[in-house]
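Participant: Below you'll find the structure I mean.
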Amino acid sequence: MSYYRLQHQVFEPDYLSELQGQILACPYFAVNNLNRDFICTKGFSVVFQRSGLSEVERSFPFFKPYLNVALHSTCNAFYLNPLMLKEGSRVDPHIDRSLRSYCKSIEPPARVSVLYVQVPRDLMGGELVLRCQKRNVGQVRPQANTLLDFQGDLTHSVNQVTSSGFRLSLVCEQYSLCEDQLQEIPEFTIESRAIKSKGKKKEKLKI
C-alpha cells in the first residue's frame, strides 16, 4: 500500500442502511470520547484484541461484515470507532495513537481503515487530507460505500463540514504489537461518554 488505497461499492446497500441505523440507535453513541482534535463530532469506541473479536461481534453484530473485510491478518489489536461529522464539525491534524492510553510505548498503527457509511450527495467540506512529513500525499472526498485504507503513520485531518446533513464513517486503527505491549491492551473494552452520563465514574467500560 502506497500511502492509501480505495475500494468502492464494498457492501450491499441494505447493509449500509442497517449499519447506519444501528450506530445511530446505539446507547453508547454520544458526544465523542476522542481527543480535542475532534471538533463537534459524535461517536464511541471499541478497543479489542484479536482474541476478543468474538465478543465484539456478539455485542455489536452489525460490525461483523465490516470487520470481516477490514481487519488485516498481521494485526492483533484494534481501536474501532463510528465517527459522525455534521455542519461545523472538523478533525484537526493528528497521527492516530489511540491505544497509548493503555500502553505508552505503542507507535502509530500499521494501518487505518475507514468505511464511509453515509455521505450527503451535496456535502461541502469533509474531505480527508493525508500528509507525510508535512507533504500532502492525498485528499479523499468521502463517498458512501467506499473503504479507505491508509498508512497509520500519516498525519491526517478532516476539513470542516460546511453543509447540512451528516457524514458517518466507521474507523478502525489496526496495530501489530509485541507480546509485552499486547498484555497492556484490554481484550474488549467500550469507551463512551454515554457511560459517564448514566452515572458511571469512568468513561471506559471493561467487559
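Participant: Which residues, taken from region 88-109, are touching a Cys at 6+ places or on another chain (Cβ under 8 Å) and either within 17 Å of residue 136 (Cβ to Cβ) or of a type in the set (Lys, Arg) (or both)?
Facilitator: Matches in region 88-109: 90 only.
Participant: Hey, among the residues in region 19-36 that are under 15 Å from the mean Cα position of the chain (by Cα) and closer than 16 Å to residue 58 by Cα, which one's surrounded by the most Cβ atoms within 10 Å (Cβ to Cβ)?
Facilitator: That would be 23.
Participant: I'd like to know if region 146-168 contains one or more residues that are farther than 18 Å from residue 5 by Cβ, under 14 Å from the mean Cα position of the chain (by Cα) and not hydrophobic (A, V, I, L, M, F, W, C).
Facilitator: yes
Participant: Separate question: List pairs: first in region 107-118 and closer than 20 Å to residue 155 by Cβ and modelled with pLDDT of 95 or more, second of a type in the set (Asp, Glu) and in a strand (DSSP E or B), Cβ under 6 Å, 6+ apart or cross-chain?
Facilitator: From region 107-118, the pairs are 109/173; 111/149; 112/173; 113/149.
Participant: Across region 66-100, which residue is farthest from residue 6 (Cα to Cα) among those that are in contact (Cβ under 8 Å) with a residue 40 or more places away in the chain and among the charged types (D, E, K, R)? First the steps, then the outcome.
Facilitator: Here is the first cut: in region 66-100, the residues in contact (Cβ under 8 Å) with a residue 40 or more places away in the chain are 66-67, 69-72, 74-96, 98-99.
Now narrow it down to the ones that are among the charged types (D, E, K, R): 86-87, 90, 92, 96.
Details: 86: 23, 87: 25, 90: 22, 92: 22, 96: 19 Å.
Selected residue: 87.
Participant: Sort out which residues of region 16-27 are more than 26 Å from residue 156 (Cβ to Cβ) and out of contact with any Phe, Trp or Tyr (no Cβ under 8 Å at 6 or more places or on another chain), and write them in order of number.
Facilitator: Across region 16-27, the qualifying residues are 17, 21, 25, 27.
Participant: For region 15-45, give me each residue that is farther than 13 Å from residue 83 by Cβ and among the basic types (Lys, Arg).
Facilitator: 36 - this is the single residue of region 15-45 that is farther than 13 Å from residue 83 by Cβ and among the basic types (Lys, Arg).
Participant: Sticking with this structure for a sec: Being under 19 Å from residue 174 (Cβ atoms) and in contact with a helix residue (DSSP H, G or I) (Cβ under 9 Å, 6 or more places away or on another chain) is the filter here, so list the residues in region 52-67 that pass it.
Facilitator: Once the filter is applied, which keeps residues that are under 19 Å from residue 174 (Cβ atoms) and in contact with a helix residue (DSSP H, G or I) (Cβ under 9 Å, 6 or more places away or on another chain), region 52-67 yields 53, 56, 57, 60, 63, 64, 65, 66, 67.
Participant: Among the residues of region 41-63, is there at least one that is modelled with pLDDT of 95 or more, among the β-branched types (Val, Ile, Thr) and more than 30 Å from residue 179 (Cα to Cα)?
Facilitator: yes
Participant: Let me ask you something else. Would you confirm, using the coordinates I've provided, whether residue 59 is surrounded by fewer than 16 Cβ atoms within 10 Å (Cβ to Cβ), touching a residue at least 24 places away in the same chain (Cβ under 8 Å) and either out of contact with any Phe, Trp or Tyr (no Cβ under 6 Å at 6 or more places or on another chain) or of a type outside the set (Val, Ile, Thr) (or both)?
Facilitator: Details: surrounded by fewer than 16 Cβ atoms within 10 Å (Cβ to Cβ): yes; touching a residue at least 24 places away in the same chain (Cβ under 8 Å): yes; either out of contact with any Phe, Trp or Tyr (no Cβ under 6 Å at 6 or more places or on another chain) or of a type outside the set (Val, Ile, Thr) (or both): yes.
Yes: the conditions hold for residue 59.
The values are calculated or read from the model by the stated rules, or taken from the named source; none is laboratory data. On a predicted model such as this, the values are computed, not experimentally measured, just so you know. Heads up, the Cβs are rebuilt from the backbone with ideal geometry, glycines too, and the neighbour counts pull from every protein chain shown.
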